[in-house]
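A.B. asks: First the structure, then my questions, so here it is.
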Amino acid sequence: MGVQNLYPEANSDTTFKASLSPSFKSASRFSVIAKPDLTWTAEVEAATAHLYPKVSKVIPQFEWPLFAPYIKAINELKLQRNAVILAHNYQTPEIFHCVADYVGDSLQLAKLAAQSQADVIVQGGVHFMAETSKILNPSKVVLTPDTKAGCSLAASITASDIRYLRKKYPGVPIIAYVNTSAEVKAEVDICCTSSNAVRVVESLGVKRVILLPDRHLADNVAASTDVEIIPWNGACEVHERFTAEEIMNYRLDHPGLTVIAHPECPKEVVMVSDFSGSTAAMIDYVKKQKPKSVLLVTECSMADNVAAETTGTEFVRPCNLCPHMKRITLPKILDSLLYIREEIIIDPIIAEKAKKSVQRMINLG
Ligand code: 13P
Ligand code: SF4
């Protein structure tokens, strides 16, 4: 069966050249493993039969032979490399449910990375998440399957912007959302995620803080605290596209709809929602409250991942894809493990300073 063409990039060696790769040194410490056969066979079918039920609600049976050979190969390679795969809640269901060892929101992934006993961590997520894993695991090999998996928030601010803010607002603490580069984390006082932003702001015991780079998160946090928030002008290109009018139209079309929004959405969207929280908090809400019909106002793979393991809830699905998250695919994860690429390398001085900001957040509990 001709099933390999779903992933044309997987057969191409043009994306990265090992000889130019910064991961060359680490790659050379690992044994060479031949590329596995990726055809759909009875053996593949049998080895992955226990996994298909996990995704059967969201991946049609006729598509399974496209994914299963990669899933089998990746799960075998993980054992050979003593590797784990961390997958953010926005990863596609075949990654999230079939090859990931740990799944979660940014904070959960950061904590899991810190506890990992593996030699190799493959980050199913965007670049700043892989950097956070490296910051917390300096002695481990942390790999990103695609170095171009960025984030509009992380790209909106640099370390020199932070130095400028320090001069402009002397003495005002600076909090960086984890969706920032290691260089930015190294310059700030503490990090936060969408699940702990209010707690981090209030933990500092001051009247005014700078919370960057997401202006919408800053707006939403400001609505929940008396601390004055000075924002930056960054935004998530996925969440800022949602509008309150769109949400109200969904409500009209689906009477009784429960609406749950990520705090990277504009404040007007959060205000017309029933609940707002990190991706993990959103999932938790659906699992505990079991709404009859729900709209998850966030990246669209998350609804697939939750729908795959939920019964009795209808998912209304607007689809705003994160193009960066979608760069991570099974073939790229396979190549990452096979060729130990692309390794996340951070200047040790920057990594040490960034770690203080991330650890200070984790220490808050
Ligand atoms: P969470 O921390 O809620 O998982 O959000 C990360 C992210 O990038 C959302 O767009
Ligand atoms: Fe960044 Fe938005 Fe994509 Fe999350 S969804 S990784 S914040 S661009």
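The values are calculated or read from the model by the stated rules, or taken from the named source; none is laboratory data. Treat the numbers as computed from the prediction; the structure is a model and nothing was measured. Cβ sites come from the backbone with ideal geometry, for glycine too, and all protein chains shown count toward neighbours. The accessibility values were calculated without ligands, DNA or RNA, using every heavy atom of the protein model including side chains. Shrake-Rupley method; radii C 1.70, N 1.55, O 1.52, S 1.80 Å.
A.B. asks: Non-local amide H neighbours of residue 103 (under 5 Å, H modeled in plane, Pro and chain starts lacking H): which ones?
C.D. replies: So residue 103 has HN proximity to 87.
A.B. asks: A follow-up question, please. Mind listing the long-range amide H neighbours of residue 276? Cut-off is under 5 Å, sequence gap 5 or more, other chains count too, H placed in the peptide plane at 1.01 Å from N.
C.D. replies: 261
A.B. asks: So what is the relative contact order for the stretch 140-234, in percent, with contacts set as C-alpha pairs under 8 Å and at least six apart?
C.D. replies: On the way: 139 pairs, mean separation 24.9, N = 95.
Averaging sequence separation for qualifying contacts and normalising by length gives 26 percent for the stretch 140-234.
A.B. asks: Measuring from a point 7 Å past the Cα of residue 82 along Cα-to-C-beta, which residues in the stretch 102-137 have an amide N at less than 20 Å?
C.D. replies: The answer is 102, 112-123, 133-137.
A.B. asks: I've got another one for you. Mean separation of Cα pairs under 8 Å and 6+ residues apart, divided by the residue count of the stretch 198-262: what relative contact order is that in percent?
C.D. replies: On the way: 62 pairs, mean separation 18.1, N = 65.
Taking the mean separation of contacting Cα pairs over the length of the stretch 198-262, I get 28 percent.
A.B. asks: Return the sequence-ordered ³J(HN,Hα) values of the stretch 309-321 in whole Hz as given by the Karplus equation 6.51 cos²θ - 1.76 cosθ + 1.60 applied to θ = phi - 60°, using x for Gly and Pro.
C.D. replies: After applying 6.51 cos²θ - 1.76 cosθ + 1.60, I find 10, 10, 10, x, 10, 8, 9, 8, 10, x, 10, 10, 7 Hz.
A.B. asks: Could you sort out which of 111/148; 111/134; 35/332; 207/353 sit more than 18 Å apart by Cα distance in this structure? Each step should come with its number before you reach the end.
C.D. replies: On the way: 111/148 24 Å; 111/134 12 Å; 35/332 13 Å; 207/353 25 Å.
From the list (111/148; 111/134; 35/332; 207/353), the Cα-Cα distance tops 18 Å for 111/148; 207/353.
A.B. asks: What are the ³J(HN,Hα) values, in whole Hz, obtained from phi via the Karplus relation 6.51 cos²θ - 1.76 cosθ + 1.60 with θ = phi - 60°, for each residue of the stretch 201-215 in sequence order, with x given for Gly and Pro?
C.D. replies: Result, ordered by residue: 4, 6, 5, 7, x, 10, 8, 9, 9, 9, 10, 9, x, 8, 5 Hz.
A.B. asks: Over the Cα atoms of the stretch 106-227, Rg to Rh with Kirkwood Rh, two decimal places?
C.D. replies: Rounded to two decimals, Rg over Rh is 0.99.
A.B. asks: Next up: Modelling each spin label as a point 7 Å along the Cα-to-Cβ direction, I'd like the residue 254/residue 290 distance in nm, to one decimal.
C.D. replies: Calculated label separation equals 1.9 nm.
A.B. asks: If we count every other residue with Cβ under 12 angstrom of residue 119's Cβ, Lys/Arg +1 and Asp/Glu -1, where does the sum land? The partial results should precede the final answer.
C.D. replies: Details: positive: 29, 78, 81, 140; negative: none.
Residues near residue 119 contribute +4 overall.
A.B. asks: Under the rule of -39500 (n - 2.57) per DSSP H run of 4 or more residues, summed and divided by the residues of the chain, what mean residue ellipticity at 222 nm is obtained, to the nearest 500 deg cm²/dmol? Each step should come with its number before you reach the end.
C.D. replies: On the way: 17 runs with 149 residues, N = 365.
Computed ellipticity for the chain at 222 nm equals -11500 deg cm²/dmol.
A.B. asks: Could you list the trypsin sites (Lys or Arg not before Pro) in the stretch 275-349 that lie in coil according to DSSP, counting only those with at most 16 other Cβ atoms within 10 Å of their Cβ? Mind dumping the intermediate values first?
C.D. replies: Values: sites: 287, 288, 292, 326, 327, 332, 341; in loops: 292, 341.
Taking the stretch 275-349 and a limit of 16 other Cβ atoms within 10 Å, the loop trypsin sites (Lys or Arg not before Pro) found are 292.
A.B. asks: Along the stretch 239-249, what does the Karplus equation 6.51 cos²θ - 1.76 cosθ + 1.60 (θ = phi - 60°) give for ³J(HN,Hα), rounded to whole Hz, x for Gly and Pro?
C.D. replies: 6, 6, 6, 6, 10, 5, 4, 4, 5, 5, 5
A.B. asks: Using every Cα-Cα pair within the chain, state what percent have a distance larger than 29 Å.
C.D. replies: Values: 28264 of 66430 pairs.
That tail contains 43 percent of the Cα-Cα pairs.
A.B. asks: Report, by chain and number, residues whose modeled amide H sits under 5 Å from the one on residue 314, excluding near sequence neighbours (fewer than 5 apart, same chain).
C.D. replies: Here the answer is 293, 294, since their amide H atoms fall under 5 Å of that of residue 314.
A.B. asks: Residue 119 versus residue 75, label points 7 Å from Cα toward the beta carbon: distance in nm?
C.D. replies: Going by the 7 Å Cα→Cβ label model, 2.3 nm.
A.B. asks: For the chain, calculate the relative contact order in percent as a whole number, restricting contacts to Cα pairs under 8 Å that are 6 or more residues apart. Please list the in-between numbers first.
C.D. replies: On the way: 698 pairs, mean separation 79.8, N = 365.
Across the chain, relative contact order equals 22 percent.
A.B. asks: Mind giving me the FRET efficiency for residue 362 and residue 139? R0 is 22 Å, r the Cβ-Cβ distance, nearest 0.05 is fine.
C.D. replies: Numbers: r = 18 Å, r/R0 = 0.81.
Efficiency, from the Cβ-Cβ distance: 0.75.
A.B. asks: Need one value: the accessible area of residue 102 in square angstrom, 1.4 angstrom probe, rounded to the nearest 10.
C.D. replies: Near enough 90 Å² of accessible area.
A.B. asks: Arrange the residues 355, 57, 72 by how much accessible surface each exposes, largest first, with a 1.4 angstrom probe.
C.D. replies: Working: 355 60, 57 110, 72 40 Å².
Output order, biggest surface exposure first: 57, 355, 72.
A.B. asks: Next question. Please build a GNM for the chain, connecting alpha carbons under 10 Å apart, and tell me which residue among 115, 80, 289 fluctuates the most.
C.D. replies: Among 115, 80, 289, the largest mean-square fluctuation in the Gaussian network model of the chain belongs to 289.
A.B. asks: Of all beta bridges DSSP finds with both residues in the chain, what is the antiparallel percent, to the nearest 5? Walk me through the numbers on the way to the answer.
C.D. replies: Details: 1 of 33 bridges.
Counting only bridges with both partners in the chain, antiparallel ones make up about 5 percent.
A.B. asks: Among residues other than residue 85 whose Cβ falls under 10 Å from its Cβ, what is the net charge (Lys/Arg +1, Asp/Glu -1)?
C.D. replies: 0
A.B. asks: Continuing with the same structure: Run down the lysines and flag those whose C-alpha is under 24 Å from the C-alpha of residue 57, throwing out any fewer than 8 positions away in its chain.
C.D. replies: Within the straight-line limit of under 24 Å, residue 57 reaches these lysines: 72, 287, 288, 290, 292, 326.
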